[in-house]
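The values are calculated or read from the model by the stated rules, or taken from the named source; none is laboratory data. In this text, all values refer to a predicted model and were calculated from it rather than measured experimentally. With ideal geometry, Cβ positions are generated from the backbone for all residues, glycine too; neighbour counts draw on all protein chains shown. Just so you know, the surface numbers come from the protein's heavy atoms only, side chains and all, with ligands and any DNA or RNA stripped out. Shrake-Rupley method; radii C 1.70, N 1.55, O 1.52, S 1.80 Å.
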Amino acid sequence: MFRSRAKEEKSQADKPVNFSKQPRDPQAPKGRPTPKRSEAQSQRRSVAHTPTTRKDASKRQREDRRQALQKQREALAGGDERYLPARDKGPVRRFARDWVDSRFNVAEFFLPLAIVILVLSVVRVPSIQNIALLLWAVVIVLIVVDAAVSGFRLKKRLKERFPDGNTRGAVPYALMRSLQMRRLRLPKPQVKRGERP
């Protein structure tokens, strides 16, 4: 009640003023430098290239997806780690691929053998048809035994090579790769047969 006016003005001057709630005067400076013409033009160009309609956006997405798939195909053919699909990335998967590619697998010959057995089973001679059935059984047993032995050996090598690494899923990945013919495998084999990975 009996305070001096000077002390009141001083206390109000010490309080920070919040300008954010006040509207900006159009004549006041904007608080940032005017951009150069080249920068402004590049901004306008980037705005002009953004799709305005849903149709344009989907077209652009398709084009981007096509380019990504093209890079992925090239990586699968050449072995470039950067663009490989997630299932093929990493040193563990690379080691599993190289381990499978460095050896002969019974399963990779399944397709040619299946064609031969089918041709034999079509022949109308009962003894040849019996031989074809026996061959089916032998091929399936050989594939199962080879897959079991390969899986066990690969698991052991992975534990030796990557004791602290995550090797989960590497053995089934390698076994699926061993079912494919060597020439048709993707990513392409990077090691020769008999070469240690």
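The tail of the calculated P(r) for region 68-180 beyond 17 Å holds 63 percent of all Cα-Cα pairs.
Here are some pairs, Lys159/Lys192; Lys36/Lys71; Lys71/Lys192; Lys155/Lys188; which of them have Cα atoms lying more than 30 Å apart in this structure? Table pairs above 30 Å Cα-Cα are Lys36/Lys71. Applying 1/(1 + (r/R0)^6) with R0 = 30 Å to the Cβ-Cβ distance of Arg182 and Lys59 gives a FRET efficiency near 0.15. Only protein atoms count toward the accessible area here, which uses a 1.4 Å probe; on region 132-197, the carbon and sulfur part of that area reaches 63 percent. Over region 98-196, accessible surface divided per residue gives 68 Å², non-protein components excluded, 1.4 Å probe.
Note on region 90-150: with charges restricted to the Cβ of Lys and Arg (+1) and Asp and Glu (-1), its dipole about the Cα centre is near 100 debye. Each label point was placed 7 Å from the Cα along the Cα-to-Cβ direction; for Val145 and Arg161 their separation is 2.6 nm.
Placing a label point 7 Å from the Cα of Leu69 along the Cα-to-Cβ line, the residues of region 171-197 whose backbone N sits under 20 Å from it are 185-188. Please name which of Leu111, Gly169, Ser58 has its Cα lying farthest along the dipole of region 34-171 towards the positive end, using unit charges on Cβ (Lys, Arg +1; Asp, Glu -1) and the Cα centre as origin. Checked the options; the winner is Ser58.
Add +1 for every Lys or Arg and -1 for every Asp or Glu among the other residues with Cβ under 14 Å from the Cβ of Lys159, and state the total. Charge balance near Lys159 sits at +4. For region 126-133, backbone phi angles converted through the Karplus equation (6.51, -1.76, 1.60; θ = phi - 60°) give residue-by-residue couplings of x, 5, 5, 5, 5, 4, 4, 5 Hz, Gly and Pro being listed as x.
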